[in-house]
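K.L.:
Starting off with a structure, shown below.
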Amino acid sequence: MKKLILVLNDLEGCGKSATACALSHWMRDREINHALVSSDDKATEDSFYTGYWDMEDLEVTQVISTLDRNDAVIVDVATGSARAWSDFCEAHEIDLLLSELDVDLTLLIPEHPGERCHDEIIDLAELFTDQADYIIAHLPIEPRGCGSAKWKKSQAAKAIDYLGGQEINLPVMTSELETALDSHGITLPEALCDLANLPRFVEITATQWLASAGKAFDKSVAYLVPEEAGLGTF
């Protein structure tokens with residue numbers, strides 16, 4: 001069973017690219033044959049990404065060929081493109097195609113405590129219903145405990161629980177990491193895409209964040225790792 005993992009949330013600044021890049025690093029460390037695809041053509045200028053899917057003009061053959069070459073495919077779905085993917089799935093009966101190809105679909109949705117974000121998660125749950133597995137990746141952008149309380153009381157949490165979704169907690173960006181990124185004028189996704197060429201202090205702090213993110217992904221192995229990769233290293 002292969003994996004198609006969509007990292008999506010149509011709200012800007014939710015942490016989609018950082019989550020997708022961190023997941024790719026996690027898979028690389030475990031030698032899982034995978035592709036990291038973006039639906040933002042600017043992102044693919046970075047060699048860390050291995051492909052580009054134009055959600056407005058995507059061909060079924062492009063999806064099939066990428067899945068054929070890889071055990072897992074991570075798609076960093078650009079802001080505003082989630083509905084385009086849903087329309088593509090409906091038009092081409094992608095759920096049936098994935099079943100024929102023996103591919104599981106997982107939606108990895110970055111979440112932050114905010115009403116608009118929770119409304120977006122409800123919309124995604126209604127769009128895809130039981131066609132996919134769900135992982136909610138909580139981003140700690142508010143004081144400790146505040147975000148957790150908002151999520152547990154939300155309709156979004158009830159929707160994901162109904163669909164059998166899992167939850168993981170991505171690590172907070174430490175003050176050292178924020179300072180390192182700000183001092184060099186780069187974002188976390190940009191740093192994760194170019195670790196080898198970063199100044200030493202930025203590399204160390206970004207790598208520490210990745211290690212913590214990896215521990216979060218370890219908790220959702222069943223939703224993230226293709227059967228071909230096995231579970232021996234976990």
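K.L.:
Just a yes or no: is a residue in the range 138-157 touching a Leu at 6+ places or on another chain (Cβ under 9 Å), part of a strand (DSSP E or B), at pLDDT 90 or above and buried (at least 17 other Cβ atoms within 10 Å of the Cβ)?
P.N.:
Checked against the condition, which is being touching a Leu at 6+ places or on another chain (Cβ under 9 Å), part of a strand (DSSP E or B), at pLDDT 90 or above and buried (at least 17 other Cβ atoms within 10 Å of the Cβ), the range 138-157 yields at least one hit.
K.L.:
Next question, about the same structure. Working only within the range 80-117, note down all residues that are of a type outside the set (Gly, Ala, Ser) and modelled with pLDDT under 90.
P.N.:
Those that are of a type outside the set (Gly, Ala, Ser) and modelled with pLDDT under 90: His112, Pro113, Glu115, Arg116, Cys117.
K.L.:
Anything in the range 166-188 that is without any contact (Cβ under 8 Å) to a residue 40 or more places away in the chain and of a type outside the set (Val, Ile, Thr)? List them, or say none.
P.N.:
Scanning the range 166-188 gives Glu167, Met173, Ser175, Glu176, Leu177, Glu178, Ala180, Leu181, Asp182, Ser183, His184, Gly185.
K.L.:
Further question: Kindly state which helices (runs of 4 or more DSSP H) lie completely within the range 1-93 and contain at least 2 residues that are more than 21 Å from Phe217 (Cβ to Cβ).
P.N.:
Qualifying helices (runs of 4 or more DSSP H): 60-69, 82-92.
K.L.:
Which of the residues belonging to the range 34-63 are surrounded by fewer than 14 Cβ atoms within 10 Å (Cβ to Cβ) and closer than 15 Å to Leu98 by Cα?
P.N.:
Glu59, Val60, Thr61
K.L.:
Next question, about the same structure. Go through the residues of the range 101-114 one by one and say whether even a single one is in a helix (DSSP H, G or I) and either under 22 Å from Ala18 (Cβ atoms) or among the β-branched types (Val, Ile, Thr) (or both).
P.N.:
No - not one qualifying residue is present in the range 101-114.
The values are calculated or read from the model by the stated rules, or taken from the named source; none is laboratory data. Being a predicted model, the structure only gives us computed values, none of them experimental. Every residue, glycine as well, gets a Cβ built from its backbone with ideal geometry; the counts of neighbours run over all protein chains shown.
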